[in-house]
Amino acid sequence: MARKIRVTVWNEFRHEKRADKQAVLKHYPQGIHHAIAAPLAEQRDMKVCTATLDEPEHGLTQAVLDRTDVLLWWGHCAHGDVTDEIAKRVQTRVLEGMGFIAIHSAHFSKPFKLLMGTNCSLTWRDIGERERLWNIAPSHPITQGIGDCFELPESEMYGERFDIPEPDQLIFLSWFQGGEVFRSGCCFNRGHGRVFYFSPGHETYPTFKDVNVQTVLRNAVRWAAATVQLSDSCDYAEPRESVVKPVKATRRKR
Ligand code: ZN
């Protein structure tokens, strides 16, 4: 079998420690990173590890990133605690070929904003309404195993306008009970890397236990997996063969 896809699941891991943590721990007693990582770790073609904000270098040393094919990112209340240096390190690795999957409130994470170059703002409302995600790209690798649509009975509403660059491909479009729509599955190419934004995943709902969400994330890891690792350079290029300047035509005197 080919080499396993090396997956790192990153979680800021702060909601699980706050005063109101019970609402999160009810669904994710070991933390959101474990809930995302566990179904991926069951895949024979994936090797999964986790990293969290309060580890040294947020668990994302250069060595860890160099051996990561796909990085999944969940963050919400502590985007500002991620150092600019490490956000830049993640961006650089994506441009070199690493896959990056930004989940839910990671729309406002530093690495995602660096990769998009826009504000990445949206509208939101958390009243536990129904979300229906429409599969608008049934031939895309990430939507395999997903039918026409699937529903999450309780979800945080994320609505347009979502201030992102035009995605290279839009694969999910969400409808919410309250009336909004949202581009909930967006694919981007950045340098040699692939980026996928997927909007479900609020911390107080059991979204990561949903089989369709698990299918999407599993497919997304395979789609985004790095195929190359090429550092940036901007070198002088020697000509491949000698370039002879054409001889100027001389005009005969009359
Ligand atoms: Zn949320």
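The values are calculated or read from the model by the stated rules, or taken from the named source; none is laboratory data. Source: prediction; values computed, not measured. Note: ideal-geometry Cβ built from the backbone for every residue, glycine included; neighbour counts use all protein chains shown. The protein model used for the area step is the full one, side chains on, heavy atoms only, and it has no ligands, DNA or RNA in it. Shrake-Rupley method; radii C 1.70, N 1.55, O 1.52, S 1.80 Å.
Observations, loosely collected:
- Estimated FRET transfer efficiency when R0 is 35 angstrom, pair residue 166-residue 55 (beta carbons, to 0.05): 0.50
- Evaluated over the chain, the count of Lys pairs having alpha-carbon atoms less than 19 Å apart is 6 (only pairs 8 or more residues apart or interchain).
- Beta bridges from DSSP with both residues in the chain: antiparallel share about 55 percent, rounded to the nearest 5.
- Per residue accessible area in Å² of the chain, where ligands, DNA and RNA are left out and the probe is 1.4 Å: 52
- Spacing of the two label points (7 Å from each Cα toward its C-beta) at residue 211 and residue 78, in nm: 3.5
- Here the range 201-246 is treated as a Stokes sphere of Kirkwood radius computed over C-alpha pairs; at 25 °C and 0.890 mPa s its diffusion coefficient rounds to 156 µm²/s.
- Label-point separation in nm, residue 124 to residue 154, each point 7 Å along Cα→Cβ: 1.8
- Ligands, DNA and RNA left out, the accessible area of the range 142-254 computed with a 1.4 Å probe is 48% carbon and sulfur.
- The chain, relative contact order [Cα under 8 Å, separation at least 6], %: 20
- Per-pair calculated FRET efficiency, R0 = 45 Å: residue 67 and residue 244 via Cβ, rounded to 0.05: 0.40
- With viscosity 1.002 mPa s and temperature 20 °C, the Kirkwood radius over alpha carbon pairs of the range 26-130 converts through Stokes-Einstein to a diffusion coefficient of 144 µm²/s.
- More than 19 Å apart - percent of Cα-Cα pairs taken over the range 128-254: 59
- Burial order of peptide ranges 6-14, 49-57, 216-224 (average beta-carbon count within 10 Å, highest first): 6-14, 216-224, 49-57
- If you look at the Cα atoms of the chain, you get an Rg and a Dmax of 21.8, 98 Å.
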